[in-house]
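The numbers here are math on the coordinates, done by the rules we state, and not lab data. Because the structure is a prediction, the values reported are computed rather than measured. Note that we place each Cβ from the backbone using ideal geometry, even for glycine, and neighbour counts take in every protein chain shown.
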Amino acid sequence: MPQMEVELAGLRLGNPFILASGIWGETGATLARILRSGAAAAVTKSIGLEPRPGYPNPTVMELPTGLLNAMGLPNPGIVAYKEEVEEALGAGKPIIGSIFGANPREFTALARRMEAYGVHALELNLSCPHAGGYGSTLGADPAMVRRITSAVSSAVDIPVLVKLTPNAASVAALARAAEKGGADGVSAINTLKGMAIEPALARPVLSHGSGGYSGPGVKPVGICCVYEIYEAVKLPIAGMGGIMTGGDAAEYMMAGATAVQVGTALLLGRERTFPRLVRELGAFLDRNGYELARELTGRAHGRGPKKSRRIRGGAC
């Protein structure tokens, strides 16, 4: 059996598969459950300074090739989330704290709190497409990405990943801004901005109007973004967007991802998802003569993994 271990921004992972933010991890108990089922690490739901109810229903619509959602970043606030982090940590695997804010000061305050709670790394949500004043409102501007990343990286000692939006002129430019700001890695991509109309009512289906599109339909976009980021920076990449099979994960890794995040697939397979993905990727590696999962990274560029990724707390 090929060796599945990889290392992402200093985090040692038993396999390349990470739970993405927002799909499953509403509580510490659900995070711990998915980790025990086979995920190598988990990203928490995005947490802000204060409790936030999110948007009224309807907030999710199922489409033939994925999901459209506009949740509105609902969360209990950073103070109340301490207990959830502590419970998730009980699973004994890396927890990545996802945070969102309106400016560098808010991100820094949240980052320090999450670090104090014991998370192993941070993911800066600079890419949610449907929350005014947050997410991609800030993250589509390379200068702001650099400012926020620099503020957080200077304030904490744990690795910092920046989650990038595809809803911008150049995802590579955003990745370069994150790198200049001191990021230890990037996550790509968040959802694509989209909308559905109910013809009988002549109005958008989601209460917010527009939302974020995820699932199999976005995979070509995600792979292209990861490919461009790999060419642009020396940071490790957590790739995501429509990963439903082990073969999908292999494509992302060949495009340049060190590890991958999985979200929408869990709505179908639940706890069975991660064991299946690990088996499928292992079978792919075995069929194609790979001894190590990390050998896939960057193969589509005609070369193996980069050797000198600058990270904090370890070496890839």
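Quick notes on this one:
- Shape metrics for segment 119-167, restricted to C-alpha atoms - Rg then Dmax, Å: 10.8, 30
- Rounded to 0.05, the FRET efficiency of the Met195 and Arg105 pair, given R0 = 45 Å and the Cβ-Cβ distance, is 0.85.
- Between Ala80 and Ser207, residue separation times 0.36 nm minus the direct Cα-Cα distance comes to 43.0 nm.
- Segment 1-107: mean projected area of Cα convex hull, nm²: 8.9
- For Ser46, neighbours were defined as the other residues whose beta-carbon sits under 11 Å from its Cβ, and their charges (Lys and Arg +1, Asp and Glu -1) total +2.
- Point-to-point label distance, Ser170-Asp157, nm (Cα→Cβ direction, 7 Å offset): 3.7
- Segment 68-153 pair-distance distribution - Cα-Cα, 10 Å bins, rounded %: 17, 47, 31, 5
- Kirkwood hydrodynamic radius over Cα pairs of segment 72-229, then Stokes diffusion coefficient at 10 °C and 1.306 mPa s, in µm²/s: 97
- Kirkwood radius, the chain, all distinct C-alpha pairs, inverse of mean reciprocal distance: 19.0 Å.
- For segment 6-56, fraction of C-alpha pairs farther apart than 14 Å, in %: 57
- Taking GluC sites (Glu not before Pro) as exposed when DSSP calls them loop and at most 16 other C-beta atoms lie within 10 angstrom, the chain has its longest site-free stretch at 27-290.
- Rg to Rh, two decimals, where segment 151-268 supplies the alpha carbon set and Rh follows Kirkwood: 1.04
- Fraction of antiparallel bridges per DSSP, the chain only, in percent to nearest 5: 40
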